[in-house]
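Contents: one structure, followed by commentary.
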Amino acid sequence: MLEWFFSYVYHFMHRFLGVRRPLSAQEKTLAWMFSLYDFNYALSVIFINIFLFKKHDDLKIPVFFNLTQFAVIAPAFWIGGHLSKRWGHLLSYQLGFAFSALVFIATLILRENAPDHPCFLGLLSGLAIGFYFLGEHALTLDMTTEKTRDYFFALTNFFTAVLCILAPALAGWLITAFKFNGADPSGDSSLGYYIVFSIALAISLSLVFKSMRFKAKPVRKDFEFWKVLTFKNNWDWNRFMTSQFVLGLRQGVFWFLILLLIFRLTHNEAIVGGYSMMTNLLGLLTTYALSLWAHAQNRWRGFWISSLMLAAASVGLFFQINYFTIVLYMALNAVGSSWFNVASSGISFTLLERAKEAKTRKLEYLAVREWPLGIGRVLSLSLFWFGFTHFGESGLHAALLVFGCVHMLNYFVLPKK
């Protein structure tokens with residue numbers, strides 16, 4: 001059924017919306033599997049932070065969950081690289097789905113005690129993310145080309161946006177609908193959360209099954225992580241590593257905080273879901289336009305304009321967090337992040353392919369680049385927590401401004417040619 005849906009959307013775009021660049025069957029399968037994973041993320045993972053936060057109304061719990069997650073992602077890339085070099089790129093991809101399933105299994109077992117184990121859940125989640133994205137990046141490099149890659153990213157983002165319009169709204173509605181039931185007279189039942197996590201578990205298991213039928217090229221080589229990390233005269237790649245650290249500074253805070261702030265403002269999961277739905281609707285419109293316009297020649301123009309939009313989105317939150325600044329952030333971030341992701345993904349893979357011995361060391365490069373990204377995430381989230389614990393709301397607002405604009409440094413860090 002899912003394959004039919006993606007096939008229908010692709011043919012509709014190809015026939016009626018002016019999309020004329022064909023993808024191979026493997027590229028199309030890869031696109032819908034990537035999109036379904038993102039659907040699962042939008043359905044459930046954004047609500048895990050809220051689930052961990054709401055019991056004690058304490059930001060420390062989701063902060064520790066995400067700090068552990070960020071600290072584990074880079075080592076998971078390293079472990080996944082060793083496994084992939086021995087048994088093939090697909091193994092890391094499958095392990096990502098398997099550990100995603102374990103996150104939901106653990107949450108469903110712990111139930112109301114889950115907020116007491118944020119580091120354990122963060123460990124499982126970090127392994128899931130690290131394994132999954134190493135597999136995703138490796139398969140993308142294996143199965144797409146420089147000529148089709150920008151279009152592939154735009155099409156994948158289009159599919160993701162279509163699915164993610166529904167996912168958070170559905171999750172928010174389910175959680176709110178089951179909040180009031182006879183078993184919990186206080187009107188704060190977590191049954192809706194358990195239903196959402198059960199659906200996410202089923203999707204993760206179905207992706208594991210589907211990935212077993214997927215065909216990928218076998219690999220039987222040594223994983224030389226330290227050799228790639230210490231390459232000399234690899235100037236463009238070294239500048240790219242610096243840009244990854246800068247990007248990690250932004251992601252560490254914005255990965256989860258905005259949706260948590262919306263819940264803290266409204267105490268309503270349906271509003272959080274509605275916000276995510278509208279964000280993804282704007283992202284859908286943006287990615288459709290990019291699927292027609294995205295080319296290697298205009299990457300840098302898109303990178304600069306989208307960077308300005310993301311920075312502008314954060315300015316309002318610095319002054320005050322209310323409904324108006326949240327909506328303003330939603331509009332600018334939805335368009336800017338979609339545009340930024342397409343442009344930066346194309347730049348990233350181009351620089352990777354130009355790096356020293358990249359043709360034979362792609363997995364090593366993917367694992368190496370995750371370390372500055374992870375260090376940036378851990379550092380920014382640690383600084384945020386320090387500022388919040390010592391300066392309260394003023395520290396929170398300052399972090400939103402500083403880390404909301406820091407990514408603009410990448411325009412000057414990344415090589416232009």
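Taken together, the values in this text are just the output of simple stated rules run on the coordinates, not laboratory data. Just so we're clear, the structure is a prediction, and the values are computed from it rather than from any experiment. Don't worry about glycine lacking a Cβ; one is built from the backbone with ideal geometry, like all the others, and counts go over all protein chains shown.
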Calculate the spin-label point distance for Lys359 paired with His267, positioning each point 7 Å from the Cα along the beta-carbon direction, and give it in nanometres.
-> 6.3 nm
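In nm, what is the difference between 0.36 nm times the number of residues separating Ala202 and Leu110 and their Cα-Cα distance?
31.3 nm
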Pop a pseudo-label 7 angstrom from the Cα along the beta-carbon direction at both Ile305 and Trp226 and give the gap in nm to one decimal.
-> 4.7 nm
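So what is the calculated 222 nm ellipticity per residue for the chain, using -39500 (n - 2.57) for each DSSP H run with n of 4 or more, over all residues, to the nearest 500 deg cm²/dmol? Walk me through the numbers on the way to the answer.
Working: 17 runs with 329 residues, N = 417.
Helix-only estimate at 222 nm: -27000 deg cm²/dmol.
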Does the chain come out rounded, prolate or oblate by the C-alpha gyration tensor, with a ≥ b ≥ c the root eigenvalues, rounded set by a/c under 1.5 and, if not, prolate when a/b is larger than b/c and oblate if not?
-> rounded
Within-11-Å neighbourhood charge of Tyr194 [Cβ basis; K, R +1; D, E -1] | 0
Cα centroid separation, region 22-66 to region 324-390 (Å) | 16 Å
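Please give the length that would be gained between Phe386 and Trp173 if that part of the chain were fully extended, namely 0.36 nm times their separation in residues minus their C-alpha to C-alpha distance (nm, one decimal).
Going from the current span to full extension adds 73.2 nm.
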Rounded FRET efficiency, nearest 0.05, which uses the C-beta distance separating Asp142 from Trp235 and R0 of 22 Å = 0.25
Arg213 versus Asp58: modelled label distance in nm, points set 7 Å from Cα along the beta carbon direction | 4.6 nm
Measure nothing fancy, just the Cα-based angle from helix 323-354's long axis to the longest principal axis of the chain, in degrees from 0 to 90, nearest 10.
-> 20 degrees
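Quick one: net charge of Phe65's neighbours, Cβ under 12 Å, K/R +1, D/E -1? Don't jump to the answer; show the numbers that get you there.
On the way: positive: Lys60; negative: Asp58, Asp116.
Net charge in that neighbourhood comes out at -1.
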What pairs from Lys28/Lys359; Lys85/Lys232; Lys210/Lys356; Lys232/Lys359; Lys60/Lys85; Lys179/Lys210 go past 27 Å between their alpha carbons?
-> Lys210/Lys356; Lys60/Lys85; Lys179/Lys210
